[in-house]
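> Have a look at the structure that comes next, please.
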Amino acid sequence: MNLDDCRIIPLPKRRDQRGNLTFIEGGHDIPFQISRVYYLYDVPGGETRGGHAHRELQQLIIAVSGSFEVVLDDGQQRVTHRLWRADQGLYVCPWIWRELQGFSSGSVCLVLASQHYSEQDYIRSLDAFRIERPKA
Ligand code: TYD
């Protein structure tokens, strides 16, 4: 459960003269079953989202329109992914701090999640995350 486990996953894409179609099957195209979908949109320029980690939740984050950055932190190191393709997603495993920033105008951030919403699964303090995070 560190940054090495978080990776860009290429998604299936069907392209023809009518345009592109991408599909995602839980447990097949991504390493978890999908229990929840949510999306961020109309994010004002300069605004930051996220700012939390999860104890159990797995997610796939996709820029279905526009672009934005996802900063991931496993307590040891930090990496920034710029997402801008609808045909790939960023897999985020449990116990990773994430911040989303740099949203382009009109961007849409689609998130597939392995569990239903549970506030108990959130760690919303970076200090608490660093203390609570299981040591490898
Ligand atoms: P929050 O976690 O702060 O959003 P982000 O991770 O994008 O910064 O969530 C904002 C509000 O929405 C908060 O009151 C919790 C609520 N919420 C749900 O009720 N269900 C959900 O699936 C999500 C992701 C958030």
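Residues checked against (1) surrounded by fewer than 18 Cβ atoms within 10 Å (Cβ to Cβ); (2) outside any strand (DSSP E or B); (3) touching an Asp or Glu at 6+ places or on another chain (Cβ under 6 Å):
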site	(1), (2), (3)
Gly75	no, yes, no
Val79	yes, no, no
Arg82	yes, no, yes
Gly89	no, no, no
Pro94	yes, yes, yes
Ser105	yes, yes, no
Leu112	no, no, no
Asp127	yes, yes, no
Pro134	yes, yes, no
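> Follow-up. Taking into account only those residues within the stretch 26-55 that are open to solvent by 80 Å² or more (accessible area, probe 1.4 Å), within 14 Å of the ligand (Cβ to nearest atom) and assigned to a loop (DSSP other than H, G, I, E, B), which is farthest from Ala113 (Cα to Cα)?
Glu47
> If you scan the stretch 114-125, which residues turn out to be touching a His at 6+ places or on another chain (Cβ under 8 Å) and either part of a loop (DSSP other than H, G, I, E, B) or near the ligand (Cβ under 9 Å from one of its atoms) (or both)?
Across the stretch 114-125, the qualifying residues are Tyr122, Arg124.
> Among the residues of the stretch 18-33, are any out of contact with any strand residue (DSSP E or B) (no Cβ under 7 Å at 6 or more places or on another chain), of a type outside the set (Phe, Trp, Tyr) and on the phi > 0 side of the Ramachandran plot?
Yes, there is a match, as at least one residue in the stretch 18-33 is out of contact with any strand residue (DSSP E or B) (no Cβ under 7 Å at 6 or more places or on another chain), of a type outside the set (Phe, Trp, Tyr) and on the phi > 0 side of the Ramachandran plot.
> From Ile62, Ile123, which residue is open to solvent by less than 20 Å² (accessible area, probe 1.4 Å), within 15 Å of Arg7 (Cα to Cα) and either touching a residue at least 24 places away in the same chain (Cβ under 8 Å) or touching a Ser or Thr at 6+ places or on another chain (Cβ under 6 Å) (or both)?
Ile62
The values are calculated or read from the model by the stated rules, or taken from the named source; none is laboratory data. Everything numeric here is computed off the predicted structure, so don't read it as measured data. Here Cβ is always computed from backbone atoms with ideal geometry, including for glycine, and neighbour counts include all displayed protein chains. When the accessible area is computed, the model is the full protein with side chains, heavy atoms only, and any ligands, DNA or RNA have been set aside. Shrake-Rupley method; radii C 1.70, N 1.55, O 1.52, S 1.80 Å.
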